[in-house]
Amino acid sequence: MAWRSSGTSNESLITNLSRNGLIRSERVKEAMMKVDRAHYAPSHRDAYEDSPQPIGHHATISAPHMHASACESLLPHLHPGARVLDIGSGSGYLTAVFANLVGPSGTVVGIDHIQPLVDLAAQNMAKSEAGRAMLDSGQVEFVKGDGRKGWAEAAPYDAIHVGAAAAEHHEELSEQLKAPGRMFVPVEEGNVQHIYVVDKKEDGSIEKEKLYGVRYVPLTDAPSA
Ligand code: SAH
């Protein structure tokens, strides 16, 4: 499932993800078509492989099928005008895809605790004219901070994506969800990690659904050096 979707161009990668059922909706397909993964991956050679790749600072750009899965899960809350928080934004790739999904009236904040990665994400996005426009207008913002605390300045959010494995269900994150709102988060349980979809219902109650096993970089303390 993971590797057979690889392509030789952005278009063929997205087409293969779609053909293999990893992208299910037209909206996600369109948004991923608009963001060239080569602008975010460390080398052009592997940019269209359906695999994670190291981007420095012990971080990785996640595999395209994981990006697709996150978008598909959050999709009902990624309507035009929605507000999104992307925690552990790393390369900035998924932040850019979310921005395309919520349109010019929506806003996306990408947060990472490593300043060079905050800078890298903005540099990657600025490689395209559309990306530059989103940064200039403030539709997309990359900030430095501890994502375990969310980003209260722009809360509440329709959707929160967590791109690193949390050691526990962080209360502050579900508090920053709108009602209704949804969070996609990998959570560590012993030696394994699972994706959870956390739904805040209209009445404010929380429901957690455990999906499949994954392997993400952990959500940690910032390096002291
Ligand atoms: N979605 C990103 C994933 C990057 S890897 C992408 O596909 O490019 C996970 C990221 O989480 C790393 O960039 C790492 O620096 C960041 N991270 C880890 N712990 C964090 C924390 N406590 N707060 C914010 N970011 C964190």
### Query
Which of (1) within 12 Å of the ligand (Cβ to nearest atom); (2) within 20 Å of Asn124 (Cα to Cα) does Ser9 not meet, given it meets every other one?
(1)
### Query
How many residues are assigned to a loop (DSSP other than H, G, I, E, B) and touching a Pro at 6+ places or on another chain (Cβ under 6 Å) if we restrict to segment 204-224?
1
### Task
Quick one: count up the residues across segment 15-58 that are open to solvent by less than 20 Å² (accessible area, probe 1.4 Å), free of Cβ contacts under 8 Å to residues at least 40 places away in the same chain, within 23 Å of Met134 (Cβ to Cβ) and not in a loop (DSSP other than H, G, I, E, B).
1
### Query
What residue, among those in segment 72-92 that are hydroxyl-bearing (Ser, Thr, Tyr) and buried (at least 24 other Cβ atoms within 10 Å of the Cβ), is farthest from the ligand (Cβ to nearest atom)?
Ser89
### Query
Just one of Ser91, Ser69, Ser62 is at pLDDT 95 or above, under 13 Å from the mean Cα position of the chain (by Cα) and closer than 20 Å to Asp199 by Cβ; which is it?
Ser69
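What tally of residues in segment 147-186 results from selecting those that are among the small types (Gly, Ala, Ser), assigned to a loop (DSSP other than H, G, I, E, B) and open to solvent by less than 50 Å² (accessible area, probe 1.4 Å)?
Total satisfying the criteria: 4.
Name the residue that is least open to solvent (accessible area, probe 1.4 Å), counting only residues in segment 59-71 that are more than 9 Å from the ligand (Cβ to nearest atom) and of a type outside the set (A, V, I, L, M, F, W, C).
Initial filter on segment 59-71 (more than 9 Å from the ligand (Cβ to nearest atom)): 64-65, 68-69, 71.
The next check asks that each one be of a type outside the set (A, V, I, L, M, F, W, C); those that pass are 64-65, 69.
Working: Pro64: 2, His65: 28, Ser69: 25 Å².
Restricting to residues being more than 9 Å from the ligand (Cβ to nearest atom) and of a type outside the set (A, V, I, L, M, F, W, C), the top hit is Pro64.
In segment 177-225, what residues are within 16 Å of the ligand (Cβ to nearest atom), in contact with a Ser or Thr (Cβ under 8 Å, 6 or more places away or on another chain) and not aromatic (Phe, Trp, Tyr)?
First, the residues of segment 177-225 that are within 16 Å of the ligand (Cβ to nearest atom): 183-188, 193, 195, 214-225.
If we keep only those that are in contact with a Ser or Thr (Cβ under 8 Å, 6 or more places away or on another chain) too, we end up with 183-184, 195, 216-217.
Those that are within 16 Å of the ligand (Cβ to nearest atom), in contact with a Ser or Thr (Cβ under 8 Å, 6 or more places away or on another chain) and not aromatic (Phe, Trp, Tyr): Met183, Ile195, Val217.
Please work out if Glu189 is free of Cβ contacts under 8 Å to residues at least 12 places away in the same chain, out of contact with any Gly (no Cβ under 9 Å at 6 or more places or on another chain) and open to solvent by 10 Å² or more (accessible area, probe 1.4 Å). Let's see the steps before the verdict.
Details: free of Cβ contacts under 8 Å to residues at least 12 places away in the same chain: yes; out of contact with any Gly (no Cβ under 9 Å at 6 or more places or on another chain): yes; open to solvent by 10 Å² or more (accessible area, probe 1.4 Å): yes.
Considered against the rule, which asks whether it is free of Cβ contacts under 8 Å to residues at least 12 places away in the same chain, out of contact with any Gly (no Cβ under 9 Å at 6 or more places or on another chain) and open to solvent by 10 Å² or more (accessible area, probe 1.4 Å), Glu189 comes out as yes.
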### Message
Can you go through Gly145, Gly163, Gly204 and tell me which one is in contact (Cβ under 8 Å) with a residue 60 or more places away in the chain and small (Gly, Ala, Ser)?
### Response
Gly163
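Of the residues that sit in segment 108-133 and are part of a loop (DSSP other than H, G, I, E, B) and away from the ligand (no atom under 13 Å from the Cβ), which one is farthest from Lys144 (Cα to Cα)?
Of everything passing the filter in segment 108-133, Ser128 is farthest from Lys144 (Cα to Cα).
Is one or more of the residues making up segment 93-108 surrounded by fewer than 20 Cβ atoms within 10 Å (Cβ to Cβ), touching a residue at least 12 places away in the same chain (Cβ under 8 Å) and at negative phi?
In the first step, residues of segment 93-108 are kept if they are surrounded by fewer than 20 Cβ atoms within 10 Å (Cβ to Cβ); the result is 103-105.
Among the residues that remain, those that are also touching a residue at least 12 places away in the same chain (Cβ under 8 Å) are: 103-105.
Now restrict to residues that are at negative phi: 104-105.
Taking every residue of segment 93-108 in turn, at least one turns out to be surrounded by fewer than 20 Cβ atoms within 10 Å (Cβ to Cβ), touching a residue at least 12 places away in the same chain (Cβ under 8 Å) and at negative phi.
The values are calculated or read from the model by the stated rules, or taken from the named source; none is laboratory data. The shown structure was predicted, so the numbers you read here are calculated from the model rather than taken from an experiment. Counting neighbours? That spans all protein chains shown, and the Cβs are built from the backbone with ideal geometry, glycine included. Calculation scope for accessible area: heavy atoms of the full protein, side chains included, ligands and nucleic acids excluded. Shrake-Rupley method; radii C 1.70, N 1.55, O 1.52, S 1.80 Å.
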